[in-house]
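Okay, so here's the structure we're looking at.
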Amino acid sequence: MDALRRAAGLSSDTALRPERFGALAYDFDTRRLSFIRRRSQAQGALNDEFERGLDAPICLTWELTYACNLACVHCLSSSGRRDPRELSTAECKAVIDELERMQVFYVNIGGGEPTVRRDFWELVEYATAHHVGVKFSTNGSRIDATRAEWLRGSDYVDVQISLDGATAEVNDRVRGVGSYATAMRALSLLAGTGAKLSVVVTRENAGQLDAFKAIADELGATLRLTRLRPSGRGADVWDELHPTAEQQRAVYEWLLAHGEEVLTGDSFFHLAAYGQTLPGLNLCGAGRVVCLIDPVGDVYACPFAIHETFLAGNVREAGFAPVWRESELFRSLREPQAAGACGSCSMYDACRGGCMAAKFFTGLPLAGPDPECVFGHGERALRGTRPTPSQDHSRVRVVRRECDESPV
């Protein structure tokens, strides 16, 4: 690997991980991921290699707890109450040890609200001391001046503050009263640290992208936009909150105009069917380059697909590596996938049929079109029963049924 490092002109501080096509390189200073390929394979499409899976995830999403002090209407994991079976501190550290051995460069930690775990900061420090970088998402409620200063001096820790409206009126309808002020206070405390402003694009805030960018720029943050999925409680509000076709096109044009200065985590690769690809891998990485560990150690193919259909195993049984490398589910996802109903579409090679989770939770076949297919094929196919999430940790359940009792 030293020869490969020298040939690529990489510094000794850059983490390098061998893969069958060459290597992955991650610069912790710039947070930039690079791909190094052997000359013999330089002609093939890199995405084809990713679709066949990697020796370890590029990044891993880890939900440490389902406990949360908010009740966002679109929460992908239906968080609220802590699951008493969640991994202990020792079990979490054992997972981190394994991730270090596998050379997983960083983990995206979420929840729930991860900072409500009493051992959260202990686990963050343990991970970074073991060469596993941490990116964590928070509503900002546990970020005070002291913690902000600590984060300012932490080289391998990135923080994302969630905000789903550029105004309190829009944000608080989704995330709860007072959550806008809480997030803005945290962003202000973190000004200049390279924090990220994380936004789920909805029908209500799709017209506020310039305003979000202005907030991020003013506070020295990076804007990160993600797609709304019908996962968790998001399934309950999908019909009313997912962007309209006109808004989707506007979001696509906006992302093209802002290039790599705005992060998306490959959320919008389904929009590549408009013609020009967006920055990123532009593929579904589920079980191929990404996956999810939930609070009780269950491993799912995708953070947005928390359902028994996409459950690959549990870290308590034999650790994470055997699940990633040997599970039947992940092996099947790494096999060539049939284009199905989208095979005759001229743009299939661009969008690859869209998001697996979005299709599944809207009742569409996995070999069918994305529900937000830019040509409207998904909208026309939305019929029948929709699957429900396997788990619900919401603190308050809303039961929708026709009234069959007298109110008096």
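The values are calculated or read from the model by the stated rules, or taken from the named source; none is laboratory data. Note that the structure is a prediction, hence the values are computed from the model and not measured. Here the Cβ positions follow ideal geometry from the backbone for every residue, glycine too, while neighbour counts run over all protein chains shown. In case anyone asks, the SASA skips ligands and DNA or RNA and just uses the protein heavy atoms, side chains included. Shrake-Rupley method; radii C 1.70, N 1.55, O 1.52, S 1.80 Å.
Within region 267-285, being open to solvent by 30 Å² or more (accessible area, probe 1.4 Å) and free of Cβ contacts under 8 Å to residues at least 60 places away in the same chain holds for Gln276, Pro279, Gly280. In the condition set (1) under 20 Å from Ala357 (Cβ atoms); (2) in a loop (DSSP other than H, G, I, E, B); (3) at pLDDT below 95, Ala272 is compliant with all but (2).
Candidates are the residues of region 211-242 that are among the polar types (S, T, N, Q) and part of a strand (DSSP E or B); the one that is surrounded by the fewest Cβ atoms within 10 Å (Cβ to Cβ) is Thr222. I'd like to know if region 287-299 contains one or more residues that are of a type outside the set (Gly, Ala, Ser), within 24 Å of Asn205 (Cα to Cα), open to solvent by less than 20 Å² (accessible area, probe 1.4 Å) and not in a helix (DSSP H, G or I). Looking through region 287-299, none of the residues is of a type outside the set (Gly, Ala, Ser), within 24 Å of Asn205 (Cα to Cα), open to solvent by less than 20 Å² (accessible area, probe 1.4 Å) and not in a helix (DSSP H, G or I).
Assuming Ser346 fulfils every condition listed in (1) of a type outside the set (A, V, I, L, M); (2) assigned by the TED database to the domain that holds Thr202; (3) open to solvent by 60 Å² or more (accessible area, probe 1.4 Å) apart from one, which condition is it? The single condition Ser346 does not satisfy is (2). Within region 102-111, the set of residues being part of a loop (DSSP other than H, G, I, E, B) and either touching a residue at least 60 places away in the same chain (Cβ under 8 Å) or open to solvent by 50 Å² or more (accessible area, probe 1.4 Å) (or both) comprises Gln103, Phe105, Gly111. Can you give me the number of residues within region 360-369 that are within 18 Å of the chain's Cα centre (by Cα) and open to solvent by less than 10 Å² (accessible area, probe 1.4 Å)? Residues in region 360-369 being within 18 Å of the chain's Cα centre (by Cα) and open to solvent by less than 10 Å² (accessible area, probe 1.4 Å): 1 in total. All of Glu335, Glu379 fail the test of being part of a helix (DSSP H, G or I) and either open to solvent by 20 Å² or more (accessible area, probe 1.4 Å) or β-branched (Val, Ile, Thr) (or both), apart from Glu379. Among the numbered conditions (1) in contact with a Ser or Thr (Cβ under 9 Å, 6 or more places away or on another chain); (2) closer than 19 Å to Ser137 by Cβ, the only one that Pro279 does not meet is (2). Can we say Gly192 is at positive phi and either at pLDDT below 95 or not assigned by the TED database to the domain that holds Val237 (or both)? Considered against the rule, which asks whether it is at positive phi and either at pLDDT below 95 or not assigned by the TED database to the domain that holds Val237 (or both), Gly192 comes out as yes. Of all the residues in region 195-210, those that are under 15 Å from Arg147 (Cα atoms) and open to solvent by 10 Å² or more (accessible area, probe 1.4 Å) number 0. If you filter region 112-134 down to residues that are under 22 Å from Ser198 (Cα atoms) and in contact (Cβ under 8 Å) with a residue 60 or more places away in the chain, you find that the one that is surrounded by the most Cβ atoms within 10 Å (Cβ to Cβ) is Gly112. Within the bounds of region 332-341, is there any residue that is assigned by the TED database to the domain that holds His242 and within 21 Å of the chain's Cα centre (by Cα)? Within region 332-341, one or more residues are assigned by the TED database to the domain that holds His242 and within 21 Å of the chain's Cα centre (by Cα). Restricting attention to region 56-101, the residues that are in contact with an Asp or Glu (Cβ under 6 Å, 6 or more places away or on another chain) and surrounded by fewer than 16 Cβ atoms within 10 Å (Cβ to Cβ) total 1.
Of the residues making up region 239-252, just one is hydrophobic (A, V, I, L, M, F, W, C) and within 10 Å of Arg203 (Cβ to Cβ), namely Leu241.
Please state which of the following conditions Glu328 fails to meet, knowing it meets all the rest: (1) modelled with pLDDT of 95 or more; (2) within 27 Å of Cys68 (Cα to Cα); (3) surrounded by fewer than 18 Cβ atoms within 10 Å (Cβ to Cβ). Among (1) modelled with pLDDT of 95 or more; (2) within 27 Å of Cys68 (Cα to Cα); (3) surrounded by fewer than 18 Cβ atoms within 10 Å (Cβ to Cβ), the lone unmet condition for Glu328 is (2).
Selection within region 136-182: residues that are β-branched (Val, Ile, Thr) and in a helix (DSSP H, G or I). The member of this set that is surrounded by the most Cβ atoms within 10 Å (Cβ to Cβ) is Val174.
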